[in-house]
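K.L.:
One structure is given below, represented as structure tokens, and several questions about it will come after.
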Amino acid sequence: MKITKTSLSNAVEEGILDSQQADALYTFMKSQPDSGPAFNFTNILYYLGGLIATGAMTLFMNLGWEQFGGWGMLFIALLYAGIGLLLTGRFQRGGHDIPAGICATFVIAMTPLGIYGLQQGMGWWPDDTVYQEYHDYIKWHWIYLELGTLAIGIIMAWRYRYPFMIMPVAVTLWYMSMDVADMLTGGEADYIFHAFVSLWFGLVIMLLAFWVDLRSRKSEHDYAFWLYLFGVMAFWCGLSLQESDSELSKFLYFCINLGLIGTGAILVRRVFVVFGALGCAGYLEHLASTIFENSWLFPIALTAIGLGIVYLGIIWQRNEALITQKTRGLLPVALQELLAERTL
């Protein structure tokens, strides 16, 4: 919970603080370095600068870098990573957690370039694919870049423990889900097989995110955010790209998306709700445009269902405390603690 002038004024009105204490506390809190991802101009500058620097050496690299050769690119990656490590340590000692986390993330983002340069220098690169295509095309041999990135990411996350560092790890896992499919089929995978692998890979990443969530439930940092984001994205995209002419399968798709919404509500994770809502909307659009194409009754029935859900929300709000208390009592202690932290 963020401390604002309004909350401090309320505390003064309740007699918890006097006005001088409230002013002193507010001044003190404003003087502290930002340690969380608050939406303010300072943090916008942090993330904008970090994304530009990272993107320059990843997404926006052009063919001109190939002239340095494999050993040259390896040296450049090591040089940049060394600078990133030095800045990470400096910012960490100064109590600037967000810049430190961004610089540590930059180090992880340098790993694919370094491994690519090493393979080129040693003559191990299997074809004429260039590093510029790493973020654009699915290739089985990217797997070495991804495994190395995961290894460095895990080491860096263990050493520095900044949540933003999980972002390149999550992206790499997402990339890996597509490249593994290509590797398993010898480069002959169609989009249906890619979707199938993405679905199951996404499910694994979501379970990993849940495990991280439980392990870090007492931490002030959200280490599971990026894993949830890319896990749900991979799962939902893989699920939505499955082909089926069966109405039963389409209804099952609708039910799974309802389950995503319910999971998001329980874990207080918006990403589940957003993708689940998109899936439900897609199924309802299918019903409206295909099954009940010429029915005037369907929109009326759908309106009634929607209003009924709104009324259900009112009933839930009235009894939420009692229902929450009884249902959480049935859960494992670790999960009870996680939900309590998420709903403060």
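The values are calculated or read from the model by the stated rules, or taken from the named source; none is laboratory data. The structure presented is a predicted model; accordingly, all values stated were derived computationally and were not measured. Cβ: placed from backbone, ideal geometry, glycine included. Neighbour counts: every protein chain shown.
K.L.:
Search region 281-307 for residues being of a type in the set (S, T, Y) and under 16 Å from S249 (Cβ atoms), and hand back the single one that is surrounded by the most Cβ atoms within 10 Å (Cβ to Cβ).
P.N.:
Per the stated criteria, the residue is Y283.
K.L.:
OK, next. Is it the case that some residue within region 180-190 is surrounded by fewer than 22 Cβ atoms within 10 Å (Cβ to Cβ), more than 18 Å from the chain's Cα centre (by Cα), of a type in the set (A, V, I, L, M) and outside any helix (DSSP H, G or I)?
P.N.:
Yes - at least one qualifying residue is present in region 180-190.
K.L.:
Let me ask something else. Take V130 and decide whether it is touching a residue at least 60 places away in the same chain (Cβ under 8 Å), hydrophobic (A, V, I, L, M, F, W, C), assigned by TED's automatic domain parsing to the domain that holds G55 and within 17 Å of M61 (Cβ to Cβ).
P.N.:
yes
K.L.:
So is G238 on the phi < 0 side of the Ramachandran plot and in the same structural domain as L338 (by TED's automatic domain parsing) or not?
P.N.:
no
K.L.:
Considering region 107-127 alone, what residues qualify as being touching a residue at least 40 places away in the same chain (Cβ under 8 Å) and aliphatic (A, V, I, L, M)?
P.N.:
Selection gives V107, I108, A109, M110, L113, L118, M122.
K.L.:
Within region 132-147, take every residue that is buried (at least 19 other Cβ atoms within 10 Å of the Cβ) and out of contact with any Asp or Glu (no Cβ under 8 Å at 6 or more places or on another chain) and give me the one that is nearest to G64 (Cα to Cα).
P.N.:
The extreme case among them is Y134.
K.L.:
Still on this structure, please answer the following. I'd like to know if region 196-204 contains one or more residues that are free of Cβ contacts under 8 Å to residues at least 60 places away in the same chain, part of a helix (DSSP H, G or I) and of a type in the set (V, I, T).
P.N.:
Yes, that holds for at least one residue.
K.L.:
Residue pairs, Cβ under 7 Å, 6 or more apart or interchain, first in region 136-147 and without any contact (Cβ under 8 Å) to a residue 40 or more places away in the chain and within 14 Å of V171 (Cα to Cα), second buried (at least 17 other Cβ atoms within 10 Å of the Cβ) and aromatic (F, W, Y). List them.
P.N.:
As it stands, the answer is W142/Y134; W142/Y175; L145/Y116; L145/Y134; E146/Y175, since those pairs meet every condition given.
K.L.:
Taking the residues in region 239-275 that are in a helix (DSSP H, G or I) and in contact (Cβ under 8 Å) with a residue 40 or more places away in the chain as candidates, determine which candidate is farthest from L338 (Cα to Cα).
P.N.:
E247
K.L.:
Assess whether W236 counts as being in a helix (DSSP H, G or I), crowded, with 21+ Cβ neighbours inside 10 Å and touching a helix residue (DSSP H, G or I) at 6+ places or on another chain (Cβ under 8 Å).
P.N.:
Yes, satisfied.
K.L.:
Residue pairs, Cβ under 9 Å, 6 or more apart or interchain, first in region 286-307 and touching a residue at least 40 places away in the same chain (Cβ under 8 Å), second in a helix (DSSP H, G or I). List them.
P.N.:
Partner pairs satisfying both residue conditions: I291/E247; I291/F298.
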